[in-house]
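J.: First the structure, which I've put down as structure tokens, then a few questions once you've had a look.
The values are calculated or read from the model by the stated rules, or taken from the named source; none is laboratory data. Note that the coordinates shown come from a computational prediction; the quantities given were computed from them, not determined experimentally. Cβ: placed from backbone, ideal geometry, glycine included. Neighbour counts: every protein chain shown. The area values use the complete protein model at the heavy-atom level, side chains included, leaving out ligands, DNA and RNA. Shrake-Rupley method; radii C 1.70, N 1.55, O 1.52, S 1.80 Å.
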Amino acid sequence: MSDFHRSLSELRRILQFRDRDRICCYGVSVTQSHVLDAIAVKGELSLNDVAAQLYVDKSTASRSVKVLEEKGLIRRRRDAGDARAIVLELTAAGQKVQEKIEEECKDEERQLLNGFDPAARRAITEFVRRLTAAASCGVETTGGSCCRID
């Protein structure tokens with residue numbers, strides 16, 4: 001497991017810095033790009049849903065949402081099903097930025113997988129999907145806690 005841990009840690013660092021370096025070109029932070037992506041995938045989300053999707057507390061999600069609103073990339077509106085509830089949605093500009101970031105990341109991922117045959121690419125995709133599902137089971141969706149006291 002030590003080799004797996006080291007390999008996964010290195011991959012995580014590489015992807016973090018790749019994302020930071022690539023995404024900043026679009027005038028948003030990595031966290032803000034995750035907000036855009038979460039809303040793009042779901043169509044619209046409440047602030048609580050954004051926080052849960054990003055595994056952060058509501059105040060962290062709120063700060064990112066506020067900046068994205070100020071930039072004109074997302075907007076708040078009343079939920080059609082519950083007039084008391086507010087949902088967040090992408091503006092046309094937000095959709096455009098999110099699509100550009102996603103396409104650039106997909107291009108790089110295609111290049112990364114280019115040296116693998118189709119069966120290996122499918123196996124890698126399935127492995128990452130299962131690993132993500134297993135890892136997400138242990139993560140708090142309310143912002144979590146930085147330490148555990150036994």
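J.: In percent, what relative contact order does the range 1-107 have, based on Cα pairs under 8 Å that are 6 or more apart in sequence? Show your work: numbers first, answer last.
T.: On the way: 103 pairs, mean separation 27.0, N = 107.
Dividing the mean separation by the residue count of the range 1-107 yields 25 percent.
J.: In addition: How high is the FRET efficiency between Leu8 and Asp57 when r is their beta carbon distance and R₀ equals 30 Å, given to the nearest 0.05? Please report the intermediate quantities before stating the final value.
T.: Numbers: r = 25 Å, r/R0 = 0.84.
Efficiency for this residue pair is about 0.75.
J.: By accessible area of protein heavy atoms, probe 1.4 Å, what ranking do Val139, Val97 get, highest first? Kindly include the intermediate steps, with their values, before the conclusion.
T.: Working: Val139 65, Val97 25 Å².
The ordering from most to least exposed comes out as Val139, Val97.
J.: Which cross-chain or sequence-distant (5 or more) residues have an amide H under 5 Å from the amide H of Ile74, H modelled 1.01 Å from N in plane?
T.: Glu69, Thr91
J.: Which length gain, in nm to one decimal place, applies between Gln95 and Asn48 when the Cα-Cα distance is subtracted from 0.36 nm times their residue separation?
T.: Length gained between Gln95 and Asn48: 14.8 nm.
J.: So, R0 is 30 Å and r is the distance between the beta-carbons of Leu15 and Arg77; what FRET efficiency does that work out to, to 0.05? Kindly include the intermediate steps, with their values, before the conclusion.
T.: Details: r = 33 Å, r/R0 = 1.10.
E(calc), rounded to 0.05, equals 0.35.
J.: Taking a probe of 1.4 angstrom, what is the accessible area of Asp117 in Å², to the nearest 10?
T.: 90
J.: Right, something else. Keeping all protein chains in place and using 1.4 angstrom, which order do Tyr55, Tyr26 fall into by accessible surface area, from largest down?
T.: Values: Tyr55 95, Tyr26 65 Å².
Ranked from most to least accessible, the order is Tyr55, Tyr26.
J.: Give, as a single signed number, the net charge of other residues whose beta carbon lies under 15 Å from the beta carbon of Glu104, with Lys and Arg counted +1 and Asp and Glu -1. Don't jump to the answer; show the numbers that get you there.
T.: On the way: positive: Arg18, Arg20, Arg22, Lys96, Lys100, Lys106, Arg110; negative: Asp19, Asp21, Asp37, Glu99, Glu102, Glu103, Asp107, Glu108, Glu109.
Within the 15 Å Cβ shell, the charges total -2.
J.: Order Glu70, Glu103 by their accessible area, 1.4 angstrom probe, all chains in place, largest first.
T.: Working: Glu70 130, Glu103 85 Å².
Most to least solvent-accessible, the answer reads Glu70, Glu103.
J.: Given the whole protein assembly as supplied and a 1.4 Å probe, what does the accessible area of Arg18 come to in Å², nearest 10?
T.: Approximately 30 Å² for this residue.
J.: Starting from the 7 Å offset along Cα-to-Cβ, what nm value, one decimal, do you get for the label separation of Ala123 and Met1?
T.: 2.4
J.: For a quick check of understanding: with a 1.4 angstrom probe and all protein chains in place, what accessible area in square angstrom does Ile124 have, to the nearest ten?
T.: 60
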